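Below you'll find the structure, written out as structure tokens, and then a few comments.
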Amino acid sequence: MRTKRILSALLAGLLLVGTLTACATGDVTDDTTRAQSSEISDGSETELRDNLPDDLNYGNDEITFLSRDRDGWTDREIWVDGINGEPINDAVFERNKAVEERLGVKISNIPDDDLGGYNIVSRVENAVKAGSDEYDVLAAACYITLGQSTKGIFANLRDSEYMDFDKPWWSQGLNDATLYRDNQHVVAGALLLSIYRFAYATVFNQKLFDDAGQKYLYEYVDNGTWTLDKQISLTPLFHRDNGNNIQDEEEDVYGFISTYHISVDPYWSSCEVDILKTNEDGEFEIIFETSKLFDVAEKVLTLYHKTDDSAYIVKNLPYDGHMDRVCDLFAEGKAAMATVRIMGLERENVRNMTDKFGIVPMPKFDETQKEYHSMLHDQFTVISVPTTVKGNRLDEVGAVLEALSSAAYRIVKPVYYEETLRTKIAQDQQSSLMMEQIINSLTTDSGIFYTDALGGFQNPFREIIESKQNTVTSKYRVAVISLQKKLRTVMLKLDKIASKPAA
């Protein structure tokens, strides 16, 4: 089992048209940590069906979801109130209605606009401790849900009769990274739009590139030279100061804008800094190399702080405000390049900005790195089922999840891809192709998925970039010791859960 794999084994099947890079068909090589490129899809997989028995009918039984429904983040993934003429809304409604009629169930949803993401998981934990069966399914943030899974509050989804984890509507990358001794407590896939929306990318202002006489970034991506060094060299070419020699949000124009917080995280994947893998005994093993992160820090520190004030870094603001501010400044034409999540490009001011923009993957570490990789922000939604759901009830819930995911693969995915990724965000053919490349090169590992339980191993890297000093060696000497201890604890807890017989 690989604990680090490109998530495109799922995502390639989720696109209407072909993928350009990794794992369009889910094939992998013998590389222990990364998958390589495969065949281009012709879109025919959208007709693939699940293998649920035709005679399944649960007599109008109610299946209750508890879902994180944070506005602009994860709303409309699980539930919408009805048809309103908006394509994605109506596709989600159609998906749910089709499954209700097919399986004879009633799907209900309890939304929770939990900003931090912990409260909603605590509601399930409290219900499990009380022996309450009020929730059948939890849809919540990945890193929090996996962190809390070590408490034994979630069922082993592999015990459900009807869930076919090999189907393309389930994320094979997540399966591999979280399967432990035949136990798997979370899944993600076509049911959850955040698997698209939380991907990191680089955007660039085409007008500013034209004014500076610079090639568009597409060309560098295509010839393999879109690297951190390239971005560093380009950044000063666009800087225009208003004359006061002070970084000013309102009047200056910058070569690059980003943040010190979650915008630092994607360099772990884009520069191939590995944390964990699964060894031959099926146990997690630390493969992190301090020297590699040190080299990455040198480049990121240069990009952020050593390009003659031509990079502007938005300070952390509450509730994701720093990421919103990056998008706002980019929409105002204040930056040639920016690090964003795809969800940020859905903002009306970005979609309607005066200047055309282009989209490319995050830059590689250097030209010797073969593949581009993009990280999926670890707050993307995953599905789990409380341990109070047992036996035949777990089979029923599994059947509903399988039917919802396969229906989403056919119904919701094409609408989101065509209406949002291709039409609303991508403003030219090159960006459309690059969007596919970004989504189909999403990479992460168990060290990122389990970050909450492992003490946030990537967090000191954020602090290093903000401090302007490369203290990777000293900070990660301590961090690795902590990781070793926490990983042992996580594995002991998972061993204990795995040793319990199924209910």
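Considering only lysines 8 or more places apart in sequence, or on different chains, count the pairs in the range 346-484 whose C-alpha atoms sit under 28 Å apart.
Going through the range 346-484 pair by pair, I get 7.
Radius of gyration and Dmax for the range 205-348's Cα atoms, expressed in Å?
Cα-based Rg and Dmax for the range 205-348 come out at 17.1, 62 Å.
If you take the charge dipole of the range 364-452 about its Cα centre, with +1 on Lys and Arg Cβ and -1 on Asp and Glu Cβ, which of L421, M434, H377 is farthest toward its positive end?
Looking along the dipole axis, the top candidate is L421.
Kindly provide the trypsin sites (Lys or Arg not before Pro) of the range 461-503 that DSSP labels as loop, not H, G, I, E or B, and whose Cβ sees at most 13 other Cβ atoms within 10 Å.
Filter output for the range 461-503: K468.
Just subtract the alpha-carbon distance of S122 and Q247 from 0.36 nm times their residue separation and send over the number in nm, one decimal.
Length difference between fully extended and current span is 40.7 nm.
Per residue, what volume in Å³ does the convex hull of the Cα atoms of the range 284-352 enclose?
135
What nm value, rounded to one decimal, do you get for the distance between E419 and V478 when each label is placed 7 Å out toward the C-beta?
Once both label points are built, they end up 4.9 nm from each other.
Does the range 369-501 classify as rounded, prolate or oblate by the C-alpha gyration tensor (a ≥ b ≥ c root eigenvalues; a/c under 1.5 gives rounded; else a/b over b/c gives prolate, otherwise oblate)? It would help to have the intermediate numbers written out before the result.
Numbers: a/c = 3.17, a/b = 1.08, b/c = 2.93.
The shape class here is oblate.
Distances longer than 45 Å among the Cα atoms of the chain: what percent of all pairs is that?
Of the Cα pairs, 10 percent sit more than 45 Å apart.
Could you give the size of the charge dipole of the range 163-268 about its Cα centre, using +1 on the Cβ of each K and R and -1 on the Cβ of each D and E, expressed in debye and rounded to the nearest 20?
Value, rounded to 20: 360 debye.
Roll a 1.4 Å probe over the protein heavy atoms and report the accessible area of T354 in Å², nearest 10.
It works out to around 140 Å².
Just order 364-372, 410-418 by mean Cβ neighbour count inside 10 Å, highest at the front, would you? Intermediate values should be presented prior to the final figure.
Details: 364-372: 16.3, 410-418: 20.3.
The most tightly packed comes first, giving 410-418, 364-372.
Length gain on complete extension for the stretch N352 to L237, per 0.36 nm per residue less the alpha carbon to alpha carbon distance?
38.9 nm
Could you rank I342, I83, I497, I286 by how accessible they are, 1.4 Å probe, largest area first?
Largest accessible area first, the list is I83, I286, I497, I342.
Over the range 176-270, what number does the Rg to Rh ratio reach, with both radii from the alpha-carbon atoms and Rh per Kirkwood?
Dividing the radius of gyration by the Kirkwood radius yields 1.12.
If you count only protein heavy atoms and use a 1.4 Å probe, how large is the accessible surface of E289, to the nearest 10 Å²?
Here the residue's solvent-accessible area equals roughly 110 Å².
If R0 is 30 Å, what FRET efficiency do you get for F294 and L492 from their C-beta distance, rounded to 0.05?
After rounding, the FRET efficiency stands at 0.45.
Give the shape of the range 105-197 as rounded, prolate or oblate, defined through the alpha-carbon gyration tensor: a ≥ b ≥ c are the square roots of its eigenvalues, a/c under 1.5 means rounded, and otherwise the shape is prolate if a/b is larger than b/c and oblate if not. Intermediate values should be presented prior to the final figure.
Working: a/c = 1.41, a/b = 1.27, b/c = 1.11.
In terms of gyration-tensor shape, rounded.
Hey, got the dipole for the chain? About the Cα centre, +1 on K and R Cβ, -1 on D and E Cβ, debye to the nearest 20? Display every interim value, and only then the final one.
Details: 52 positive and 81 negative charges, 270 e Å.
Once rounded to the nearest 20, the dipole reads 1300 debye.
The values are calculated or read from the model by the stated rules, or taken from the named source; none is laboratory data. Owing to the predicted nature of the structure, the values given are computational and were not obtained by experimental measurement. With ideal geometry, Cβ positions are generated from the backbone for all residues, glycine too; neighbour counts draw on all protein chains shown. SASA here: full protein model, heavy atoms, side chains in, ligands and nucleic acids out. Shrake-Rupley method; radii C 1.70, N 1.55, O 1.52, S 1.80 Å.
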